[in-house]
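Following: one structure in structure tokens, then a few remarks.
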Amino acid sequence: MGSARGLASVGASARVVAVTGAAGFLGRSLISALEGDDRVRRVVAIDVKPTSAARTKTRSYEVDLTLPAAETRVAEILAAERTDAVAHLAFLPGPTYATAWAHELESVGTMHVTVAARQAKVRKLVLWSQTWLYGAHPSNPNFLTEEHPLRAPRGEPFFADKIEAEDQARKLTQPSPGAVVTILRMAPILGPTVRNLVTRFLTRRLVPSMMGFDPLVQFLHESDAIAALRLALAHDVPGTFNVVGEGVLPLSAAIRLAGRIAVPVPHPVAELLTGLGWLAQLVEAPPAFLKYLRFLCVADGRKAREVIGFRPAYTSREALLDFVRAQSMRDVNLLPEESA
Amino acid sequence: MTRGPTSGGKQKRRGAPARAPEAATAKVKTPGPGARNRRPPRKRPTDPPPPKSPAPPLPVAAPQEIVTERAAPEQEAAPDMTSGPPASEPQTWGRAADRDGSEDVDEFGYDPHYEQKVLPFFELLYEKYFRVEVTGVQHVPGRGRCLLVANHSGTIPLDGIMLRLAVRREHLRRREVRWLAEDGIFHLPFLGSFTNRMGAVRACQENATRLLDQDALVAVFPEGMKGIGKLFKDRYKLQRFGRGGFVKLALRTRAPIVPVAILGGEETNPMFARVERLAKAVGIPYLPVTPTFPLLGPLGLVPAPTKWKIYFGEPIDLEGYGPESAEDEILVGRLTERVRGAIQTRLDQALSERRSVWFG
């Protein structure tokens with residue numbers, strides 16, 4: 001394929017990349033990375049607010065993907081900027097009580113973006129997804145491959161919306177056969193600057209764990225996450241890929257490395273309390289997430305290594321340690337708390 | 001000092017290129033017993049003297065370096081771990097060294113340190129309590145992939161651990177057995193993570209294939225749950241061997257099969273009845289009723305000190321069949337029956353020779 005060739009001749013392939021969710025962590029970091037990339041001519045940032053990462057190449061557009069008019073608006077922007085590729089990163093980093101709004105943003109928003117991309121004849125769509133969508137089950141193989149069905153709890157909007165988003169993105173290839181859709185299913189991202197559900201979980205003084213369960217977990221370093229997105233933008237690699245750090249570690253070891261104290265709770269009790277807390281809007285995640293503290297959900301990164309050539313620089317453990325280092329500085333107020 | 005959120009990300013990226021070569025070299029060592037055996041021939045004689053001194057990081061940006069690797073993916077002889085910067089000597093200093101001894105567990109969750117801690121107890125069980133006697137361990141190949149197929153027994157399956165200990169203690173090469181455990185156990189608190197840290201892996205084709213591809217020695221108990229749940233009157237009568245999944249596995253990975261008969265395990269907790277409906281409500285597959293169990297409480301689950309004997313049979317070589325014959329249901333059925341027959345014959349023979357359950 002022409003993918004490798006297109007990259008080798010730098011300059012000839014000056015490209016225009018649109019990034020949705022540009023103000024979020026991934027969007028911001030990706031734009032900073034693309035700003036320093038000579039092969040990219042222009043970055044089109046799409047979000048509800050301007051991104052702080054914008055430098056000379058970036059043009060920011062304020063679009064609310066939850067609005068019905070978003071589709072035409074995005075299509076206009078993409079066409080006007082003659083966009084080659086869209087990195088669709090407009091997803092919430094964690095569950096929210098506003099499930100209806102989240103559905104509009106993630107599921108319907110992805111539909112808007114894909115339809116707009118088709119209208120504007122964008123050649124490539126890179127979608128951010130998560131290995132969590134495989135679901136945590138005791139019957140999971142130790143390493144889930146991309147062919148494995150997505151068995152995350154469908155009743156939980158956080159997962160259902162993202163599974164729908166994947167389906168929407170895959171549909172793009174059907175009417176326009178030339179289009180390249182790359183779905184990157186990433187392991188939970190850790191690093192010195194990222195803030196998400198997992199970092200908040202590991203930031204608590206007392207970390208709840210499920211009594212008698214100690215599943216293996218894996219992480220992805222934030223810089224590896226950005227590197228994977230850039231690789232997918234630079235090459236034509238249609239398909240779905242697990243993007244994970246190498247190695248696994250038991251959840252108990254992860255909590256210990258984070259310097260936190262694990263509090264074992266019997267899982268029926270934890271489910272009851274979390275359920276009540278979620279109803280009362282006191283806890284951060286619904287009880288469906290507790291499964292991930294009990295059972296295995298580890299993905300196999302072999303396909304990404306062989307097809308995209310993605311080699312994570314950090315192992316799961318190193319990603320965790322890198323996060324822990326920054327977090328211990330934050331704990332004593334030597335580093336400012338990051339937002340979002 | 002107010003660092004914006006992005007500057008941190010940038011800083012990280014600047015750090016990344018310097019690490020990239022190191023990351024690629026560290027990739028050479030994959031966990032798994034096979035990888036260690038295979039490595040020496042990969043050292044190329046034409047290489048410049050191995051960089052004992054810190055190899056200077058290649059001055060290329062990380063993504064571009066990946067690009068060069070990608071340019072010729074077809075040339076790679078092995079699918080993984082060959083490509084990368086020319087210096088393929090694993091780095092043994094700094095962060096890479098830290099990475100070396102860093103993993104608590106291997107990729108399947110086996111924790112050698114944890115095993116060391118509890119090992120004395122199981123050694124005691126092995127030596128003094130069950131007085132395990134091993135015959136024919138030389139049939140287990142000294143290297144390379146191999147599938148041990150054994151009868152499953154005991155209300156509490158200790159046979160996986162005993163088999164592991166037997167091969168480690170008696171075999172010349174002290175090979176490590178990874179045994180495949182039923183799904184059911186991973187539903188349970190404590191027991192699931194315990195067996196996993198001890199080296200058991202959930203029984204499924206994906207896991208077993210991955211292990212065998214790493215040239216591991218894998219033990220399966222094809223009777224599965226039905227084997228453990230055998231009533232006392234059915235002891236040493238082999239149950240159905242699943243759907244022949246283990247034969248398909250051996251055919252696909254071209255691993256020889258060594259039949260193993262374990263004698264003694266089936267009398268440790270003689271079960272007279274199974275309570276199923278009540279147990280299912282609590283989330284366990286069945287509740288055993290033994291002479292001691294519900295009567296004496298948890299103490300009643302202590303296995304009886306029977307004499308154990310483990311017989312390893314002649315390897316059944318499947319070299320003659322290609323991997324595609326795994327789809328041949330008739331062949332798979334026949335081979336399954338052959339393995340089952342081999343184990344059953346050995347069990348029957350051993351039973352007729354045995355004079356006492358307690359003293360062998």
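In peptide B:187-196, what is the residue-averaged number of other protein chain Cβ atoms found within 10 Å of each Cβ?
5
Using Stokes-Einstein with the Kirkwood hydrodynamic radius over Cα pairs, what translational diffusion coefficient do you get for segment B:202-360 at 37 °C and a viscosity of 0.692 mPa s, in µm²/s rounded to a whole number?
188 µm²/s
Find the centroid of the Cα atoms in segment B:145-194 and in segment B:261-291, then give the distance between the two in whole Å.
18 Å
Write down, largest first, the equivalent ellipsoid semi-axes of segment A:144-298 in whole Å, where each equals the square root of 5 times an eigenvalue of the alpha-carbon gyration tensor.
So the three semi-axes of segment A:144-298 are 31, 19, 13 Å.
Under 8 Å for C-alpha pairs, at least 6 residues apart: give me the relative contact order for chain A, rounded to a whole percent.
Relative contact order, chain A: 18 percent.
Could you do me a favour and compute the accessible area per residue for segment B:124-223, 1.4 Å probe, result in Å²?
Heavy-atom accessible area per residue stands at 35 Å².
Using a 7 Å offset from the Cα along the Cα-to-Cβ direction at both A:ASN333 and B:LYS280, what is the distance between the two label points in nm, to one decimal?
That separation, rounded to one decimal, is 5.9 nm.
Take the eigenvalues of the Cα gyration tensor for segment A:243-340, scale each by 5, and report the square roots as semi-axes in whole Å, largest first.
Working through the eigenvalues yields semi-axes of 28, 21, 14 Å.
How big is the charge dipole of segment B:302-360 about its Cα centre, in debye rounded to the nearest 20, if each Lys and Arg gets +1 on its Cβ and each Asp and Glu gets -1 on its Cβ?
For this selection, approximately 740 debye.
Between A:GLU146 and A:THR72, 0.36 nm times their residue separation minus their Cα-Cα distance comes to what?
Once the chain is fully extended between A:GLU146 and A:THR72, it gains 23.4 nm.
Given a cut-off of 20 Å, name the pairs among A:LYS124/A:LYS171; A:LYS171/A:LYS291; A:LYS291/B:LYS226 whose C-alpha atoms lie farther apart than that in the structure shown.
Over 20 Å apart, Cα to Cα: A:LYS171/A:LYS291; A:LYS291/B:LYS226.
Bin width 10 Å, alpha-carbon pairs only: give the P(r) of segment A:90-192 as whole percents, running from 0 to the bin holding the largest distance.
14, 43, 33, 10, 0
So, for chain A, what is the accessible surface per residue at a probe of 1.4 Å, expressed in square angstrom?
37 Å²
Would you kindly derive the ³J(HN,Hα) couplings of segment A:96-113 from the backbone phi angles with the Karplus curve 6.51 cos²θ - 1.76 cosθ + 1.60 (θ = phi - 60°), listing them in order in whole Hz, with x for Gly and Pro?
9, 6, 7, 5, 5, 5, 4, 4, 4, 6, 7, 6, 5, x, 5, 4, 4, 5
Return the whole-Å distance between the Cα centroid of segment A:191-247 and the Cα centroid of segment B:312-360.
The distance from the Cα centre of segment A:191-247 to that of segment B:312-360 comes to 45 Å.
Grab the alpha carbons of segment A:145-196, take their convex hull, and tell me the volume per residue in Å³.
122 Å³
Loop sites only, by DSSP: take the GluC sites (Glu not before Pro) in chain A that have at most 12 other C-beta atoms within 10 Å and name the longest stretch containing none of them.
My reading of the result: A:148-336 is the longest stretch.
What is the Cα convex hull volume of segment B:228-313 when expressed per residue in Å³?
It is 132 Å³ per residue.
Could you grab the Rg to Rh ratio for chain A? Cα atoms only, Kirkwood for Rh.
0.96
Give the B-A buried accessible area in Å², both sides summed, 1.4 Å probe, nearest 100.
4500 Å²
Go through segment A:177-204 and flag every residue whose accessible area shrinks by 40 Å² or more with all protein chains in place compared to the isolated chain (probe 1.4 Å).
Residues of segment A:177-204 that lose at least 40 Å² of accessible area once the other chains are added: A:THR193.
For A:ALA280 and B:GLU327, what does the FRET efficiency come to when R0 = 60 Å and r is the distance between their Cβ atoms, rounded to the nearest 0.05?
After rounding, the FRET efficiency stands at 0.65.
How much FRET efficiency would the formula 1/(1 + (r/R0)^6) give for A:LYS49 and A:VAL269, where r is the Cβ-Cβ distance and R0 is 60 Å, rounded to 0.05?
0.90
If you wrap segment A:269-322's Cα atoms in a convex hull and average its projection over all directions, what's the area in nm²?
5.7 nm²
How many percent of the accessible area of segment B:243-293 is carbon or sulfur, using a 1.4 Å probe?
61 percent
Just to verify a number: FRET efficiency for A:THR99 and A:ARG41, C-beta to C-beta distance, R0 = 45 Å, to 0.05?
Working from the Cβ atoms, E equals 0.70.
How big is segment A:171-226 by Rg and Dmax over its Cα atoms, in Å?
17.2, 51
The values are calculated or read from the model by the stated rules, or taken from the named source; none is laboratory data. Since we're looking at a predicted model, the values are computed, not measured. For neighbour counting, all protein chains shown are included, and Cβ atoms are generated from backbone atoms with ideal geometry for every residue, glycine included. Surface accessibility is based on the protein's heavy atoms, side chains included, excluding ligands, DNA and RNA. Shrake-Rupley method; radii C 1.70, N 1.55, O 1.52, S 1.80 Å.
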